[in-house]
Amino acid sequence: MDISIVVPLYNEEESIRLLHRAITEAIVETLPDYEIIFVDDGSRDDTFDIAEQLAARDPRLRVIKFRRNYGQTPAMAAGIDHARGDIIVTMDGDLQNDPRDIPNLVNKIGEGFDIVVGWRHNRKDKLITRKIPSKIANWLIGKVTGVPIKDNGCSLKAFRADFIKSIPLYNEMHRFIPAMASIAGPRLAEIKVRHHAREFGESKYGLSRVYKVLLDLVTIKMVASFASRPLRWFTLLSLPFLVISMLIIVRSLVTVVATGDMSIPIAGSGLIFFALAAFLIVGGAIGELIHKTGAFDVAQTPLITFTTDEDIEASGLRATITQKGRTA
């Protein structure tokens, strides 16, 4: 298998048939060895039923269904984990990304790049609620992470499968994949792609996601800078508390020497700050030990309730295969 196309879906019943046709027509001639993976992220409409009907007629289409709505990043991660292609392409399911750009992304991967990011240079979205916040966010992400991507929010990307499967995806981290991957030093390219106005339904995103992006950005910066040296990160966090505790303790000792009296609450607060600093440093030391010796294998909560593929154990994701008339 050469190409896997992963498409998270949430309440896209009106667009899913057109999407499947558009993907097939765009790549069937130029990229004949492909598969399409639709990941239904707990849709409340008929998205899954339509996807199942399409899969029954198209053996190259595989369908995964989540038990409930977990978000775009877990849906994308599930599709990537189940993908069998050497190159994985991700895209949105609302027809705003154009499948005709997929061959260009794949050809760029063929030039030796590990990640190819789409850039919606002529974006068809609302100016105030989408385009302006996106420009600010992309500038901020570039400054903080040091990865100068013009359009981090574009879901149309291509990856080498062995590379992207080693990148942890959680929360809303799909837009930060280039920054997360920068730890491993990938070859990264960005190309212009088409973008269309939404025809069906409503956007799942708006200004409400701004605070999530900012929080995720802090996480990305921490992971990218201190993933391999947690002790340094926790030590830096402890420094303010350590300085405060030292100042309080020194003041208390000077007061005792000068007056023979000591304020128990003030001295106690100094000890509390010192204990907090020590706790952070010990936490960093434990993190350093875990990083050097190995990681804990934490069992994941089952997310998937259906997949058309019998091999459902990819990357430890547990699922229940539901076939017509029975559950295995």
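For the reader, a short list of remarks on this structure follows.
- Amide hydrogen neighbours beyond the local backbone of V6, cut-off 5 Å, H modeled: I37, V89, T90, M91
- For K192, the residues whose amide H sits under 5 Å from its own are W119, ignoring neighbours fewer than 5 places away on the same chain, with H placed 1.01 Å from N.
- Sequence-ordered 3J(HN,Hα) estimates for region 11-17 from the Karplus curve with 6.51, -1.76 and 1.60 and θ = phi - 60° stand at 6, 10, 4, 6, 9, 5, 5 Hz, glycine and proline given as x.
- Label-point separation in nm, R67 to D33, each point 7 Å along Cα→Cβ: 3.8
- Summarising the label geometry, the points placed 7 Å from Cα in the beta-carbon direction at I128 and T219 lie 3.0 nm from one another.
- Note on K131: lysines with a C-alpha under 27 Å away, same-chain residues under 8 apart excluded, are K108, K143, K150, K157, K192, K204, K212, K221.
- Take each peptide in 26-34, 230-238, count the other Cβ atoms within 10 Å of every residue, and average; sorted highest first, the result is 230-238, 26-34.
- Plainly put, region 75-142 has a radius of gyration that is 1.00 times its Kirkwood radius, both from alpha-carbon atoms, as the Rg/Rh ratio.
- Take the convex hull of the alpha carbons in region 5-73; its mean projected area over all directions comes to 4.4 nm².
- Computed on the Cα atoms alone, the convex hull of region 230-293 gives a volume of 60 cubic angstrom per residue.
- P(r) weight above 25 Å for region 1-121, C-alpha pairs, percent: 16
- Paramagnetic reach from R44 (point 7 Å along Cα→Cβ, amide N under 15 Å) across region 1-22: 10-13
- The packing ranking of peptides 103-109, 93-99, 5-11, highest mean first, is 5-11, 93-99, 103-109, where packing means the average number of other beta carbon atoms within 10 angstrom of each residue.
- Under 5 Å from the amide H of L61 lie the amide H atoms of I36, each residue being 5 or more positions distant or on a separate chain, with H modelled from the backbone and absent for Pro and chain starts.
- Per-residue ³J(HN,Hα) for region 230-244, Karplus 6.51 cos²θ - 1.76 cosθ + 1.60, θ = phi - 60°, Hz, x for Gly and Pro: x, 4, 5, 4, 5, 5, 4, 5, 7, 4, x, 5, 5, 5, 4
Bear in mind that the values in this text are calculations on the coordinates, not laboratory data. This structure is a prediction, so every number in the text was calculated from the model and none was measured. Because the Cβ atoms are built from the backbone with ideal geometry, glycine has one as well, and the counts that use them run over all protein chains shown.
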